[in-house]
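Below is one structure; the comments refer to it alone.
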Amino acid sequence: MDNIKRIKVFIGSPSDTIGERGKIKGIFEELNQTLGKDKDVYIQSVMWENDVRPTVGADAQDVINSQTRDYDIFVGMMWKKYGTPTPRANSATDEEYSYAINNFSNGGHCKDVIFMFSNKPFGIDDADADQIQKVKDFKKRVENDGVVYKTYVSTEEFEKLLKVALYKAINKLLQDSDHRPQKQ
């Protein structure tokens with residue numbers, strides 16, 4: 001039987017990126033049909049709406065955190081909404097990103113951080129000035145953390161950019177794991 005390696009990719013974003021989140025299943029199916037079959041790897045998305053069972057925690061984000069913290073790659077995205085505060089952070093997406101970047105920086109299980117910001121146009125009546133400012137501040141923080149992010153103007157462009165970013169990140173992750181000394 002083939003030895004298939006599983007790579008888990010956590011998806012974090014506020015609720016206004018529902019169109020992008022809707023593309024995730026197709027992206028992962030395509031990557032599993034191409035890169036997955038070529039490299040004997042299964043790429044699995046980790047999303048709260050699919051992977052979190054209802055249960056009790058300190059708060060809803062605590063429940064999500066307790067069930068989704070084991071992943072190899074973090075993918076974050078943001079548009080015009082920064083998100084809702086949690087007891088531990090200014091937004092759930094911020095909390096998820098902070099965990100990922102700290103885990104990555106400290107040599108934990110998170111081996112890559114991908115972040116994408118939408119530049120899709122929106123009407124003035126569709127925007128909350130406070131949320132927009134928080135997104136701008138967060139974007140600056142991501143830059144200061146040394147994360148090179150991508151921007152996109154449509155869900156179709158997002159899909160293309162994410163496929164390429166994941167393909168490269170997964171290939172690098174597989175190459176790095178091939179060059180590690182084997183435990184005896």
Q.
Can you compute the FRET efficiency between Ala127 and Ile4 using 1/(1 + (r/R0)^6), with r the Cβ-Cβ distance and R0 = 45 Å? Round to the nearest 0.05.
A. 0.50
Q: Determine the share of the chain's accessible area contributed by carbon and sulfur atoms, expressed in whole percent, with a 1.4 angstrom probe.
A: 49 percent
Q) Can you give the Kirkwood hydrodynamic radius of the stretch 49-150 from its Cα pairs, in Å with one decimal? A) 14.7 Å
Q) Taking the chain as the region of interest, what is the percent of Cα-Cα pairs per 5 angstrom bin, listed from the shortest bin to the one with the maximum distance? A) 1, 7, 16, 20, 21, 16, 10, 5, 2, 1, 0, 0, 0
Q) If you take the alpha carbon radius of gyration of the stretch 118-182 and divide it by 2.2 N^0.38 Å, what ratio comes out, to two decimals? A) 1.57
Q | Label point 7 Å beyond Cα of His109 along Cβ direction - residues of the stretch 1-32 with amide nitrogen under 15 Å | A | 6-11
**Q.** Heavy-atom accessible area ranking, 1.4 Å probe, most first, across Asp94, Asp51
**A.** Asp51, Asp94
Q. Given labels modelled 7 Å from the Cα in the Cβ direction, how far is it in nm from Asn171 to Arg88?
A. 3.5 nm
Q. With r defined as the distance between the Cβ atoms of Ala58 and Val153 and R0 fixed at 41 Å, what FRET efficiency is calculated, to the nearest 0.05?
A. 0.60
Q.
Straight-line reach only, C-alpha to C-alpha below 23 angstrom: list the lysines that Lys81 could link to, leaving out same-chain residues fewer than 8 apart.
A. Lys23, Lys25, Lys120, Lys134, Lys136, Lys139, Lys140, Lys150, Lys160
Q.
I need to check one value: relative contact order of the chain, counting alpha carbon pairs closer than 8 Å and at least 6 residues apart, in percent.
A. 24 percent
**Q.** Calculated FRET value between Tyr42 and Ile18, using beta carbons and R₀ = 30 Å, to 0.05
**A.** 0.75
Q. Tell me, what is the per residue accessible area of the stretch 1-155 in Å², probe radius 1.4 Å?
A. 54 Å²
Q | Mean separation of Cα contacts under 8 Å (6+ apart) over length of the stretch 3-63, as relative contact order % | A | 44 percent
Q) Are there any helices in the chain, counted as whole DSSP H runs, that stretch 30 Å or more along their axis by Cα and score at least -1.0 on average by Kyte-Doolittle, and if so which? A) 155-178
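The values are calculated or read from the model by the stated rules, or taken from the named source; none is laboratory data. In this text the structure is predicted, and so the values were computed from the model without any measurement. Because the Cβ atoms are built from the backbone with ideal geometry, glycine has one as well, and the counts that use them run over all protein chains shown. The protein model used for the area step is the full one, side chains on, heavy atoms only, and it has no ligands, DNA or RNA in it. Shrake-Rupley method; radii C 1.70, N 1.55, O 1.52, S 1.80 Å.
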